[in-house]
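Working notes, beginning with the structure itself.
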Amino acid sequence: EVNRALAEAVARGAGPSDADVQALVARHYRWVSHFWTPNRESYIGLGQGYTEHPDFRKFYDRYHPKLVDFLAAAMKVYAEREL
């Protein structure tokens, strides 16, 4: 659900720091936190890892070809503001 909504945000030209995008990233952060609790640096690193790992890139490309880079940028904004 979050990935589809983020892909829609990319398609409509939203920015990574837009309030609705950041609300979606907050949901992503809460989901990730079920497995481990990332701090600022590790959450930014997770986003970067998504962009660098071909399997993650392929996964996110199914939603939108620009989603993984958009998500990583939005995760960085979230981490810098909230963590």
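Values in this text are rule-based calculations from the coordinates and carry no lab data. Quantities reported herein were computed from a predicted structural model and do not represent experimental measurements. Virtual Cβ from ideal backbone geometry, glycine too; neighbours counted across all protein chains shown.
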Requested in this report: First measure r as the distance between the Cβ atoms of residue 40 and residue 66, then evaluate 1/(1 + (r/R0)^6) with R0 = 22 Å and state the FRET efficiency to the nearest 0.05.
Outcome: 0.35
Report summary line: Place a point 7 Å from the Cα of residue 17 in the direction of its beta carbon; the residues of the range 59-83 whose amide N falls under 19 Å from it are 69-83
Query - Computed label-point distance, nm, for sites residue 51 and residue 5 using a 7 Å Cα→Cβ extension - result: 2.3
Requested in this report: Using the Kyte-Doolittle scale, find the helices of the chain whose mean hydropathy is at least 0.0 and whose Cα atoms extend 15 Å or more along the helix's long axis, counting only whole DSSP H runs.
Outcome: 19-32, 67-82
Requested in this report: Any chance you could get the radius of gyration and Dmax over the Cα atoms of the chain, in Å?
Outcome: 11.6, 32
Query raised in the report: What 222 nm value per residue comes from the helices of the chain, counting each DSSP H run with n ≥ 4 as -39,500 (n - 2.57) and dividing by all residues, nearest 500 deg cm²/dmol?
Result: -23000 deg cm²/dmol
